[in-house]
Each structure stands twice: as structure tokens, then as C-alpha cells.
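Data first, discussion second: the structure below is written as C-alpha cells.
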Amino acid sequence: MVKPIRDALNKLSTKDDRQLTYSEIIQVSIERPSKIRRASKILFDAYAAGDVFVYVRIEDAPDFIQLPQ
């Protein structure tokens, strides 16, 4: 799922998706209760609507990457 989204962002956020050095993806079931903290109003509203959605946030890559255990 990541590659089509990165391709769709070509020319919108970067000249080419090869410029991206870090990406992270999670998949969350809307049907299961979840705790969400520190999210934007757009994300909260989309989650509350209960429809399937894709949320993309673009920011500078972190200084370090902590791999999951």
C-alpha cells in the first residue's frame, strides 16, 4: 500500500519518491476500540466517521530510527 501512495505524492510533495528516506505505516481496524493521542483534528474526525480512510503526514525524517522489538 505504501508504494502507490508514495507514487501519488510525486510532484505534490517531492519531485520523485526516491527523495523520501523514511516512511512508516500502520493499519488500524476502525471496528476495534483504540486509544489515539496527539492526533490532528482531521485524523480524529476521519476516525470518528467510521469510514475507511488513508491519512498521510509529511515531515522531516527523525534523527534516529527505533526499530520495533
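The values are calculated or read from the model by the stated rules, or taken from the named source; none is laboratory data. Worth saying up front: this structure is predicted, and the values here are computed from it rather than measured. Neighbour counts run over all protein chains shown; Cβ positions are idealised from the backbone, glycine included. Accessible surface is based on the protein model in full, side chains and every heavy atom, while ligands, DNA and RNA are left aside. Shrake-Rupley method; radii C 1.70, N 1.55, O 1.52, S 1.80 Å.
The phi-based Karplus calculation (6.51 cos²θ - 1.76 cosθ + 1.60; θ = phi - 60°) puts the 3J(HN,Hα) values of segment 52-69 at 5, 8, 10, 10, 10, 10, 10, 8, 4, 5, x, 5, 9, 10, 9, 6, x, 7 Hz, whole numbers, x for Gly and Pro. The residues of the chain have, on average, 100 Å² of accessible surface per residue, using a 1.4 Å probe with all protein chains present. To put it simply, the accessible area of the chain at a 1.4 Å probe is 54 percent carbon and sulfur.
The overall shape of segment 24-66, judged from the alpha-carbon gyration tensor, is prolate: a/c is not under 1.5, and a/b is greater than b/c.
Computed per residue of the chain from DSSP H runs no shorter than four, each worth -39500 (n - 2.57), the mean residue ellipticity at 222 nm is -6000 deg cm²/dmol. In terms of the mean number of neighbouring beta-carbon atoms within 10 Å, the peptides 8-16, 59-67 order highest first as 8-16, 59-67.
Straight-line cross-link partners of K11 among the lysines, defined as a Cα under 24 Å from its Cα and at least 8 positions apart when in the same chain: K3.
Each residue of segment 24-41 was assigned a 3J(HN,Hα) from its phi angle through the Karplus curve 6.51 cos²θ - 1.76 cosθ + 1.60 (θ = phi - 60°); the sequence is 9, 9, 9, 10, 10, 6, 5, 6, 9, x, 9, 9, 10, 10, 6, 10, 6, 4 Hz, with glycine and proline shown as x.
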